[in-house]
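Asker: Structure in structure tokens, see below.
The values are calculated or read from the model by the stated rules, or taken from the named source; none is laboratory data. Keep in mind it's a predicted model, so treat the numbers as computed, not measured. Don't worry about glycine lacking a Cβ; one is built from the backbone with ideal geometry, like all the others, and counts go over all protein chains shown. All accessible areas refer to the heavy atoms of the entire protein, side chains included, with ligands and DNA or RNA removed. Shrake-Rupley method; radii C 1.70, N 1.55, O 1.52, S 1.80 Å.
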Amino acid sequence: MGRQPCPTHAPGDVAAMATLLLRVLRPLSRLLGGVSLRAGIHGASLLYPDHIPTSPLQKALLAAGSAGMALYDPYRHDMVAVLGETTGYYTLKVLRDQMRRDPEGAQILQERPRISLATLDMDKLRSLPEGSFGCEYLRFLEVNRVSPDTRAPTRFVDDEELAYVIQRYREVHDMLHTLLGMPTNILGEIVVKWFEAVQTALPMCVLGALFGPVRLRAQSLQVLVSELIPWAVQNGRRAPCVLNLYYERRWEQPLAALREELGITVPPLDMRVLS
């Protein structure tokens, strides 16, 4: 079972959802000391192109609304993105500091590489030998019919550098699928979320790891709890921070060698049988 078709959301959908949610919940501001729900949007400077400034109250409302929608429909990646941005500020600072202390991570922060069809050399990836990280990443994209262009731009993080950190986290998500050997079905996504939760401690990853399994069948849930979660947690603890890896410079490296470098072992089960 591949990734379910994700509904098409126009670029303005997330902003429209935010405006609608805030409008519906505006009366709540009177109960919270008269705080204006619009204060965070008007009169604040934009820190990057897609930035939507928001107050702490607005972030709390957006977090609650996006969490509910994301739990109802896990394939609403736009809502998962909003949840990550409105709940992860302090965790993003910790991740940013980890990157600053690492030579490769610091270089990523300085150069700000992006992963998209516009920046990837697809012909080069196709020319790489079997078993290389780049070849396996391209195979992952083609087999699962996913595109690096589906990652939503950061909007609600009120710090330009932290906005890049969470954008980078999103854009390397498919690299983690490749490293972990996980498909894009619900089971595979939950396993990756457990790995990411241990690695990053981002609230949205923790919530996804804890609540994602409620949609699994009994057989898949048993396999997840007994085999895959312990494996994902162990690998997440053993591996260095995955945001410190300049993936674009590792295309030629054999996937097996890269896994060995990071301390990531192959899955305990053949995920193709379970998909």
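Asker: Could you check Val214 against (1) part of a helix (DSSP H, G or I); (2) crowded, with 18+ Cβ neighbours inside 10 Å and say which number it fails?
Answerer: Only one criterion in (1) part of a helix (DSSP H, G or I); (2) crowded, with 18+ Cβ neighbours inside 10 Å is unmet by Val214, namely (2).
Asker: Being buried (at least 19 other Cβ atoms within 10 Å of the Cβ) and either β-branched (Val, Ile, Thr) or in a helix (DSSP H, G or I) (or both) is the filter here; which residues of region 55-76 pass it?
Answerer: Result: Leu57, Gln58, Lys59, Leu61, Leu62, Ala63, Gly65, Ser66, Ala67, Ala70.
Asker: If you go through region 248-261 one residue at a time, do you hit one that is touching a Gly at 6+ places or on another chain (Cβ under 8 Å), open to solvent by less than 30 Å² (accessible area, probe 1.4 Å) and not in a helix (DSSP H, G or I)?
Answerer: Among the residues of region 248-261, at least one is touching a Gly at 6+ places or on another chain (Cβ under 8 Å), open to solvent by less than 30 Å² (accessible area, probe 1.4 Å) and not in a helix (DSSP H, G or I), which makes the answer yes.
Asker: A follow-up question, please. Tell me the residue from Met204, Met182 that is open to solvent by less than 10 Å² (accessible area, probe 1.4 Å) and touching a Gly at 6+ places or on another chain (Cβ under 7 Å), please.
Answerer: On the way: Met204 fails: open to solvent by less than 10 Å² (accessible area, probe 1.4 Å).
None of the others qualify; the one that does is Met182.
Rundown of residues vs (1) in a helix (DSSP H, G or I); (2) in contact with a Lys or Arg (Cβ under 8 Å, 6 or more places away or on another chain); (3) surrounded by 19 or more Cβ atoms within 10 Å (Cβ to Cβ), yes/no style:
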site	(1), (2), (3)
Met79	yes, no, yes
Val82	yes, yes, yes
Thr86	yes, yes, yes
Leu92	yes, no, yes
Leu95	yes, no, yes
Ile108	yes, yes, yes
Leu117	no, no, no
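Asker: So which residues in region 122-154 are modelled with pLDDT of 95 or more, of a type in the set (D, E, K, R) and in a loop (DSSP other than H, G, I, E, B)?
Answerer: If the condition is that a residue be modelled with pLDDT of 95 or more, of a type in the set (D, E, K, R) and in a loop (DSSP other than H, G, I, E, B), then Glu130 is the only one that fits.
Asker: Conditions: (1) assigned to a helix (DSSP H, G or I); (2) touching a Leu at 6+ places or on another chain (Cβ under 7 Å). Pro240 meets all but one. Number of the miss?
Answerer: (1)
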